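K.L.:
Below is the structure I would like to discuss, written out as structure tokens.
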Amino acid sequence: MKRAIGGVERVFLVFTFFMTFSMQMMGAYLIIWFRQLGFSYMAIGLITSVYMVLSMGFDIPSSAFADKYGRMKVYSIGTAVFSIGLIFLSLSRAYHEVLISYAIMGVGLGIYSNVLPAWIVDFDPSSKEWLVRIFSRQQTINGIAGVAGSSLAGIIIILAHDLSIPVLLSGIIMLVIPVIALLAPDNRGSKTTNPPIIRVMREGMTYVAKNRPLLLILISTVITVFPVVAWMQYISPYVVDVLGLKKGYWGFLLSIYFLMTSMGGYLNEKLAKRFDYRLLAIISTTLLSLFVTFLALRNLIIVLILLVLVSIVYAMRASDIIAWENAIIGIEHRSTVLSTLSTIIKIMYIITPPIVGLLIDIASYGNMYLLIGLSSLLAVVFMVKAYVNKA
């Protein structure tokens, strides 16, 4: 059993590496590229909204199919579709072409999202310690893969000066994932039927509503979407176009930040052996909100240092939140409940990017970070309540 768990854990981390490597090579200069094409910040946010709308539409039914027919089968289909969308995106120049490419990527994301966590968790669902360890190691691998992907993107930009090339290469490389997925051991949920989407969603919402700690964690995560979007999606043009960092350096700086993500995953794995991971989640969420708030200082050196700290605490928070959610979700409908949570979060990711972009367009980066960072501290309150309602 231990050898079998070790085998699927390695497969899980291989998926993590290739997915993160491709995504970070693509994303390193993506928003800067969109700005170069002449898109406003709000228009960029709307692109993300289209992406999330399509993703949400395919999330619930694909997870139900994964529970019934096998997680890896569905995962392979989703990652293949996403890869095709990336390749089309690299060839796009007009706004409508980018929207179509993102729509394809959104379909792919909707198909494969939440399938992989359910796949790995159900190999040993009773071990909470293993859950914390595997998801902490996932963050460590994310950091390593992010370093490799963003560094390669930086080298490409310095040599070729074409911001679309990293997008093309990431789509090609990501095609490795569906091939591996088809060869990996598979599992499925206990369901034997594929109920309608509305019934699946109702089932998941009912489960969440009755599980008070899970509901409180969900509310906290909804609030945290705003600082995460403000940091992840809009930070690159802030540093390059507003604070004056040379464009070619950005990919290499991202490498440092992904190393910090790796450090965050490693640090969290060690701390979780001595402290309650739920307390670690509360602390890391608090620090995330504060560090995003301080990005408003508009000083290049201070902002670059803050990005190091944000990378560390974000990785810690991600590991502990995933473990916390899975620890209080029953095995019977894990994929469906996770997809319900994901659907709610995706609604927020549909709403949030245009709002953040509009704040930048009509106000400034500094005011946007100040407002969003301070208001996101409310997320900590709900996490504390979830901890008090221990489950």
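K.L.:
Mind listing whichever residues of the range 202-215 are in a helix (DSSP H, G or I) and closer than 21 Å to Tyr277 by Cβ?
P.N.:
Val208, Arg212, Pro213, Leu214, Leu215
K.L.:
Applying the selection to the range 216-250, what residues are part of a helix (DSSP H, G or I), hydrophobic (A, V, I, L, M, F, W, C) and over 14 Å from the mean Cα position of the chain (by Cα)?
P.N.:
Leu216, Ile217, Leu218, Ile219, Ile223, Ile235, Val239, Val240, Val242, Trp250
K.L.:
Follow-up. Looking only at the range 35-50, which residues are more than 20 Å from the chain's Cα centre (by Cα) and not basic (Lys, Arg)?
P.N.:
Of everything in the range 35-50, those that are more than 20 Å from the chain's Cα centre (by Cα) and not basic (Lys, Arg) turn out to be Gln36, Leu37, Gly38, Phe39, Ser40, Tyr41, Met42, Ala43.
K.L.:
Does Ser113 satisfy being in contact with a Lys or Arg (Cβ under 9 Å, 6 or more places away or on another chain) and closer than 21 Å to Ser262 by Cα?
P.N.:
no
K.L.:
While we're on this one: Could you list, in sequence order, all residues of the range 272-295 that are among the hydrophobic types (A, V, I, L, M, F, W, C), more than 21 Å from Leu215 (Cβ to Cβ) and surrounded by fewer than 20 Cβ atoms within 10 Å (Cβ to Cβ)?
P.N.:
Passing the criteria: Phe275, Ile283, Leu287, Leu290, Phe294.
K.L.:
Examine the range 21-35 for a residue that is among the small types (Gly, Ala, Ser) and either touching a Cys at 6+ places or on another chain (Cβ under 7 Å) or under 30 Å from Asp186 (Cβ atoms) (or both), and state whether such a residue exists.
P.N.:
Looking through the range 21-35, at least one residue is among the small types (Gly, Ala, Ser) and either touching a Cys at 6+ places or on another chain (Cβ under 7 Å) or under 30 Å from Asp186 (Cβ atoms) (or both).
K.L.:
Enumerate the helices (runs of 4 or more DSSP H) found wholly within the range 63-135, keeping only those where 1 or more residues are among the hydroxyl-bearing types (Ser, Thr, Tyr).
P.N.:
Result: 71-90, 95-112.
K.L.:
Can I ask one more? How many residues does the range 329-379 contain that are among the hydrophobic types (A, V, I, L, M, F, W, C), over 27 Å from Ser236 (Cβ atoms) and crowded, with 16+ Cβ neighbours inside 10 Å?
P.N.:
So the count comes out to 5.
K.L.:
In the range 159-170, is there at least one residue being surrounded by fewer than 17 Cβ atoms within 10 Å (Cβ to Cβ), at positive phi and at pLDDT 85 or above?
P.N.:
yes
K.L.:
Is it true that some residue in the range 137-158 is outside any helix (DSSP H, G or I), out of contact with any Ser or Thr (no Cβ under 6 Å at 6 or more places or on another chain) and either modelled with pLDDT under 90 or closer than 23 Å to Tyr277 by Cβ (or both)?
P.N.:
No, that holds for no residue.
K.L.:
To continue, here is another question. I need the full set of residues from the range 85-97 which are touching a residue at least 24 places away in the same chain (Cβ under 8 Å), surrounded by fewer than 23 Cβ atoms within 10 Å (Cβ to Cβ) and among the aliphatic types (A, V, I, L, M), in order please.
P.N.:
Matches in the range 85-97: Ile87, Leu91.
K.L.:
Any residue at all in the range 301-315 that's in contact (Cβ under 8 Å) with a residue 24 or more places away in the chain, within 20 Å of the chain's Cα centre (by Cα) and under 18 Å from Leu371 (Cβ atoms)?
P.N.:
The answer is yes, given that some residue of the range 301-315 is in contact (Cβ under 8 Å) with a residue 24 or more places away in the chain, within 20 Å of the chain's Cα centre (by Cα) and under 18 Å from Leu371 (Cβ atoms).
The values are calculated or read from the model by the stated rules, or taken from the named source; none is laboratory data. Since this is a predicted model, take the numbers as computed values, not measurements. Positions of Cβ are backbone-derived with ideal geometry, glycine not excepted, and every protein chain shown enters the neighbour counts.
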